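The values are calculated or read from the model by the stated rules, or taken from the named source; none is laboratory data. Small disclaimer: the values here were computed from a predicted structure and weren't measured. Note that we place each Cβ from the backbone using ideal geometry, even for glycine, and neighbour counts take in every protein chain shown. Surface accessibility is based on the protein's heavy atoms, side chains included, excluding ligands, DNA and RNA. Shrake-Rupley method; radii C 1.70, N 1.55, O 1.52, S 1.80 Å.
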Amino acid sequence: MPKVELHLHLEGAVQPATLLRIAERNRVELPARDVAGVAQLFNYRHFHEFLTVFMVLARSLMRGEDFELLAYELGHQLADQNVRYAEVMVSAFQYFNRGIDLGEVVQGAMAGFARAERERGTRVRLAFDYGRQFGAETAWKVLELAIQNMRYGLVAWSIGGDELNYPPELFAEVFAAARRAGLHLMAHAGEVVGPASVWGAVDVLRCERIGHGIRSIDDPALLAHLRALGVVLDVSPSSNLYTGAVPDMASHPLRRLFDAGVTITLNTDDPTFFKTTLNDEYRLAARVFGFGADDLAQLALNGVRAAFLPADERAALERQFADELARL
């Protein structure tokens, strides 16, 4: 199947061997000495431990060439799965806070994706994902840099991080400014906090897509609201299991959200952390949640329609997908 992926973190797709190579090149101490030890870092027990490992990983990345290497390898990983288009998030504050030029981050990553696209054909665009725990005041500075880098292929602004203690409403003015600048809007919401978080992201931040959003299932009025506005939930089932957002896969609301008529897409979030691929997520939808061929095709088309592409490019990609899916 041709596919699109819309909720994917660049750092969370790094291969252990590549992380070790970059850390050694940049003389960054990792709590591991070899590839097997680095791979072990990606085993963690709960969400906050996951965030800690994620930040250790981010500290190893310092130069444009680091991001170019990650992006190039990810572009090939996506192409191997027949992903034709992807939007990839970069955890911008992790680099801004260390004085790293975010322009170099963006241009390095886009150079890697461009090289992979020339070789394999998969297109990728970038988003800045801002850790909400670092506060709204600093978010303004990072947003300014995001706007400056739109010409290089940065298309969206998002918040992630500590959803429990930093509700969406704190970032209302930042998101309004991002929207005025022409950035598309996303937010992690309804992952570890209930429907109130999703309401805030949709009504206050005016997000077009919600990362995860699975707790929306707890509020029928919210489901109706999402349907009415056409807000998309970018769902990552394996991620939700690994971080403890759901106790077991049988409890995951993927099928119920789909059957409720909410537009959902399938994604990996951090595929190295969660030991998955987008192909695996599609297989999971079929095996665990009973999605048939038509349902899977619908998920793929949802991804195209929710992509932050210009309307003409999105329409052309949808026609291409529809033709290929019909033949399959």
Check: Packing-wise, with mean Cβ within 10 Å as the measure, how do 115-123, 92-100 rank, highest first?
Finding: 92-100, 115-123
Item checked: Among 74-84, 21-31, the order from most to least packed when residues are scored by Cβ within 10 Å on average -> 74-84, 21-31
Check: Using a 1.4 Å probe on the protein chains only, how many percent of the accessible area of the range 75-216 belongs to carbon and sulfur?
Finding: 49
Note to self: Taking the full set of protein chains and a 1.4 angstrom probe, give the accessible area of Arg215 in square angstrom, rounded to the nearest 10.
What the structure shows: 50
Notebook entry, point to check: Residue by residue through the range 30-40, which ³J(HN,Hα) values in whole Hz follow from phi under the Karplus form 6.51 cos²θ - 1.76 cosθ + 1.60 (θ = phi - 60°), with glycine and proline marked x?
Noted result: 9, x, 6, 10, 9, 4, 4, x, 5, 4, 5
Item checked: Unit Cα scatterers, Debye sum, the range 133-182: log10 I(q)/I(0) for q = 0.14 Å⁻¹ -> -0.34
Checklist line | Vicinal HN-Hα couplings computed from phi for the range 89-101 (Karplus, 6.51 cos²θ - 1.76 cosθ + 1.60; Hz; Gly/Pro x) | finding: 8, 10, 7, 4, 4, 4, 9, 4, 5, 9, x, 7, 5
Check: Does the range 261-313 classify as rounded, prolate or oblate by the C-alpha gyration tensor (a ≥ b ≥ c root eigenvalues; a/c under 1.5 gives rounded; else a/b over b/c gives prolate, otherwise oblate)?
Finding: oblate
Item checked: Rounded accessible area per residue of the chain, 1.4 Å, Å² -> 40
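Please give the peptides 138-144, 237-243, 184-190 ranked by average Cβ packing (other Cβ atoms within 10 Å per residue), highest first, as a rough proxy for protection.
Going from most to least packed, we get 184-190, 237-243, 138-144.
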Notebook entry, point to check: Can you put Val53, Val105, Val35 in order of accessible area, largest first, using a 1.4 Å probe?
Noted result: Val35, Val53, Val105
Notebook entry, point to check: How high is the relative contact order of the range 73-161, given as a whole-number percent (alpha carbon pairs under 8 Å, six or more residues apart)?
Noted result: 36
Next item on the list: Classify the range 41-160 as rounded, prolate or oblate, taking a ≥ b ≥ c as the square roots of the eigenvalues of its Cα gyration tensor: rounded when a/c is under 1.5, otherwise prolate if a/b is larger than b/c and oblate if not.
Entry: oblate
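How much mean residue ellipticity at 222 nm does the chain get from its helices, if each DSSP H run of length 4 or more adds -39500 (n - 2.57) and you divide by all residues, to the nearest 500 deg cm²/dmol?
Roughly -15000 deg cm²/dmol at 222 nm, from the helical runs in the chain.
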Checklist line | Spatial extent of the range 153-261: Rg and Dmax, with the Cα atoms as the point set, Å | finding: 13.5, 42
Item checked: For the chain: rounded, prolate or oblate by the Cα gyration tensor [a/c cutoff 1.5] -> rounded
Check: Gap in Å between the Cα centre of the range 262-305 and the Cα centre of the range 54-116?
Finding: 23
